[in-house]
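Enquirer: This is the structure, below, for whatever I ask next.
Coordinate-derived values only; no laboratory data. Given the structure is predicted, the values throughout are model-derived calculations rather than measurements. Because the Cβ atoms are built from the backbone with ideal geometry, glycine has one as well, and the counts that use them run over all protein chains shown.
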């Protein structure tokens with residue numbers, strides 16, 4: 001059994017070293033970003049925009065649609081979602097490709113306002129530190145506001161106000177369930193799901209959003225069927 005204990009000890013040591021290395025990389029990446037511009041200044045730039053939309057000025061169907069499709073445990077977990085990360089790892093390993101990311105809404109805010117859209121290992125680690133900082137300074141509803149006001153919706157529309165007015169000539173508070181569920185699905189892949197670019201795929205994505213809303217109890221099956 002001595003050899004087994006030695007192997008186990010070596011494995012634990014390797015894991016410990018990796019955790020330390022990941023911590024250093026993530027913290028360094030986030031610290032470098034803050035040197036360019038502090039977090040509070042970045043958030044202030046977003047919230048001071050004349051078209052910044054507050055949480056209560058969005059249609060409830062839109063808020064629910066975003067939560068359902070992007071991060072249905074948003075109000076139940078912390079800055080990161082260990083369950084979602086674990087599920088994503090299992091899915092990606094089982095399919096030998098990157099199919100799921102496991103990012104929370106807070107992590108997406110970190111990506112939108114602090115880091116570039118470039119995919120890199122160091123940036124993903126930096127997102128984790130940024131997410132903890134965001135939720136230390138802002139409430140869940142404020143984080144949600146930051147997400148939908150910085151998300152890209154295709155057709156040159158950044159933020160829910162521009163997307164709502166641009167696609168439907170309506171303010172976000174006046175969106176119907178049909179419109180809200182369509183807009184909620186676009187930021188996942190704007191170049192694919194924008195209704196003006198590919199209406200068929202946009203409709204398929206909207207169907208997915210509506211099914212998520214049914215699954216998590218935001219709407220009934222009949223409500224979804226009336227749109228699908």
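Enquirer: So what's the angle, to the nearest 10 degrees on a 0 to 90 scale, between helix 121-137 and the longest Cα principal axis of the chain?
Expert: It is inclined by approximately 70 degrees.
Enquirer: While we're looking at this one, here's another question. At a Förster radius of 25 Å, what calculated FRET efficiency corresponds to the Cβ-Cβ distance of residue 83 and residue 27, to the nearest 0.05?
Expert: Calculated value: 0.55.
Enquirer: Build a GNM of the chain with springs between Cα atoms under 10 Å: which of 83, 114, 67 gets the top mean-square fluctuation?
Expert: Maximum among the listed residues: 83.
Enquirer: Per DSSP H run of at least 4 residues, take -39500 (n - 2.57); add these up for the chain, divide by its residues and hand me the 222 nm value, nearest 500 deg cm²/dmol.
Expert: About -21000 deg cm²/dmol.
Enquirer: Compute the long axis of helix 2-36 from its Cα atoms, compare it with the longest principal axis of the Cα atoms of the chain, and write down the angle in degrees, 0 to 90, nearest 10.
Expert: So the inclination is approximately 50 degrees.
Enquirer: Give me the log10 of I(q) over I(0) for the stretch 2-227 at q = 0.09, 0.10, 0.14 Å⁻¹, as the Debye formula computes it from C-alpha points; what are the numbers?
Expert: Once normalised to I(0) and log-transformed, intensities are -0.42, -0.51, -0.93.
Enquirer: Tilt of helix 82-95 relative to the longest C-alpha principal axis of the chain, in degrees (0 to 90, nearest 10)?
Expert: Taking the Cα atoms of the chain, the angle to 82-95 is about 80 degrees.
Enquirer: Now for a separate question. FRET efficiency for residue 171 and residue 48, Cβ-Cβ distance as r, R0 = 25 Å, nearest 0.05?
Expert: With a Förster radius of 25 Å, E is 0.85.
Enquirer: Taking only Cα atoms and a 10 Å spring cutoff, compute GNM fluctuations for the chain and point out the largest among 201, 183, 18.
Expert: Highest fluctuation among the options: 18.
Enquirer: Just need the relative contact order of the chain here, percent rounded to a whole number, with Cα pairs under 8 Å and 6+ apart.
Expert: 24
Enquirer: Rounded to the nearest Å, what's the spacing between the alpha carbon centres of the stretch 9-64 and the stretch 196-213? Just the number, please.
Expert: Spelled out, the Cα-based centre of one part sits 28 Å from the other.
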